[in-house]
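The values are calculated or read from the model by the stated rules, or taken from the named source; none is laboratory data. All values reported here derive from a predicted model rather than from experimental measurement. Note that each Cβ is placed from the backbone with ideal geometry, even for glycine, and that neighbours are counted across all protein chains shown.
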Amino acid sequence: MDLLDTARHIEATRAVGARVWRMAENRLDDSVPACPAWRIRDVVHHLGNVASFIHACVEQGAGEPEFTDAEMLPDDRLLPWAAKEWDRVLDRLAAADPLAAAWNWSTQPHVVSFWPRCLTHEAFVHGWDVADAVGQSLTIPADVAADGVDEILAVHLAAGARDGRLFTRTGRFEVHSTDTGDRWLVELAAATVHTRAATPGEPRDAQIAATAEELYLDLWGRTRLNLEPHQRHWADQLAAGAPTS
């Protein structure tokens, strides 16, 4: 697939972040069904800390920065702080050399260009959580959704395998985004994974096909596609946040 560029990531992330702050206003104590231990203030606090951490990674360059999450602020200060951290990191990412050194948690190159994408999906996944909590809907644009599916299949799975994640069902599994036309082939062994673009009709052990947004929300654990049991086993094994052992 054609990955989104930094400008598109920043545009999408800035827009959804602004909407999150609006939805969260006067609703900070509402529970978040997608994250049962959290209230909306916890989502806002998390997003502010994510922005601060990414800023620290870009500022430091090589090597993981020493970082401690900011403490929870009183409600009247929380949203302004999170919005300020959000704008600060987006401005920094927009101005940075995308090939400059910046630590990240993945097996991908440790350069700045990793972080705009990561922040986009933090924003949309948790933006969806807040919208769901306040009884609204948040549409994931097809290009953003396909990019997020790719991040799970090509980035999260590889990092999980490096960290000891074991795969109980092995073989070749195709994920097909019906509206964007993107296809991924995930080749799993017990402790290794390789993800690449799939060619229509090539051999596979199973497949799931849905719109990019439907795949995104399923693989990020927010909604569930109506799948056959063997497809569900595969999809759950690929999902973000699946256990490492």
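Only one entry of A56, A24 meets the criterion of being among the aliphatic types (A, V, I, L, M), under 27 Å from D163 (Cα atoms) and outside the structural domain of T223 (by TED's automatic domain parsing), and that entry is A56. State all residues of the range 200-212 that are under 15 Å from S177 (Cβ atoms) and free of Cβ contacts under 8 Å to residues at least 40 places away in the same chain; if no residue qualifies, say none. Across the range 200-212, the qualifying residues are P200, Q207, I208, A209, A210. For the residues C57, C35, the requirement of being outside any helix (DSSP H, G or I) and either of a type outside the set (F, W, Y) or over 27 Å from T195 (Cβ atoms) (or both) singles out C35. In the range 1-28, the qualifying residues are those that are outside any helix (DSSP H, G or I) and in contact (Cβ under 8 Å) with a residue 24 or more places away in the chain, and the one that is nearest to G135 (Cα to Cα) is R27. What number of residues in the range 82-111 are free of Cβ contacts under 8 Å to residues at least 60 places away in the same chain, of a type in the set (A, V, I, L, M, F, W, C) and surrounded by fewer than 16 Cβ atoms within 10 Å (Cβ to Cβ)? Going through the range 82-111 one residue at a time, the tally reaches 5.
Within the range 122-161, if we keep just the residues that are in contact with an Asp or Glu (Cβ under 6 Å, 6 or more places away or on another chain) and within 24 Å of E174 (Cα to Cα), the residue that is surrounded by the fewest Cβ atoms within 10 Å (Cβ to Cβ) turns out to be A142. Residues considered: G17, G61. Of these, the only one that is small (G, A, S) and either closer than 23 Å to A159 by Cβ or loosely packed, with under 14 Cβ neighbours inside 10 Å (or both) is G61.
On inspection, L215 qualifies as touching a residue at least 24 places away in the same chain (Cβ under 8 Å), in contact with a Leu (Cβ under 8 Å, 6 or more places away or on another chain) and either under 18 Å from V125 (Cα atoms) or among the hydroxyl-bearing types (S, T, Y) (or both). In this structure, D30 does satisfy being over 22 Å from S106 (Cβ atoms) and in contact with a strand residue (DSSP E or B) (Cβ under 7 Å, 6 or more places away or on another chain).
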